[in-house]
Amino acid sequence: MSGNRIDKVNSLLKHEISKIIQKEINFSNDVLVTLTYVKTTANLIEARVFISVLPEERLNEVLEILKRNVFMIQQKINKKLNMRPIPKIMFMEDKTESEADKIEKIIKELKKDEN
């Protein structure tokens, strides 16, 4: 499968899933949920939807809400998109920011050790 097509599918899924979540799912007012990116397999069978949550302590709660609603989200995506196959959606934590924080701390420690 062409990388360009996968990129387009990822972008389209991110846009549509974001709209559905915003309209259909009620998170408490003190939680910010961000859809960071979507990664679809080359055969279009599966799409991993990565999210970040603030405050981070609420991540498991948000993932649980999304998992309970994944069937409804999937149905709306199936009706909205004119493509086949439509990837199966899975929600996952985006660990990019926490990994970047760890690397930044290590770099700071190394700089301290140099001085």
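Where a number appears in this text, it was derived from the coordinates with a stated rule and is not lab data. Keep in mind that what you see is a predicted model, and the values were worked out from it rather than measured. Don't worry about glycine lacking a Cβ; one is built from the backbone with ideal geometry, like all the others, and counts go over all protein chains shown.
Some points to look at:
- Among residues that are touching a Phe, Trp or Tyr at 6+ places or on another chain (Cβ under 8 Å), among the charged types (D, E, K, R) and not in a strand (DSSP E or B), Lys67 is included.
Every residue, every condition in (1) more than 19 Å from Ser11 (Cβ to Cβ); (2) surrounded by 14 or more Cβ atoms within 10 Å (Cβ to Cβ), yes or no:
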| residue | (1), (2) |
| --- | --- |
| Val31 | yes, yes |
| Thr34 | no, no |
| Met72 | yes, no |
| Ile89 | no, yes |
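- Considering (1) surrounded by 15 or more Cβ atoms within 10 Å (Cβ to Cβ); (2) in a loop (DSSP other than H, G, I, E, B); (3) not β-branched (Val, Ile, Thr), the lone condition that Asn43 does not fulfil carries the number (1).
- Test: residue in the stretch 92-103 that is in contact (Cβ under 8 Å) with a residue 40 or more places away in the chain, touching a strand residue (DSSP E or B) at 6+ places or on another chain (Cβ under 9 Å) and in a strand (DSSP E or B): yes
- Among the candidates Asn4, Asn26, the residue that is exposed (fewer than 15 other Cβ atoms within 10 Å of the Cβ) and in a loop (DSSP other than H, G, I, E, B) is uniquely Asn26.
- Remark: pairs (first residue in the stretch 32-55, hydrophobic (A, V, I, L, M, F, W, C); second residue assigned to a loop (DSSP other than H, G, I, E, B) and surrounded by 13 or more Cβ atoms within 10 Å (Cβ to Cβ); Cβ separation under 7 Å; 6+ apart in sequence or on different chains) = Val33/Phe27; Leu44/Pro87; Ile45/Pro87; Ala47/Pro87; Phe50/Asp94; Ile51/Asp94; Val53/Val31.
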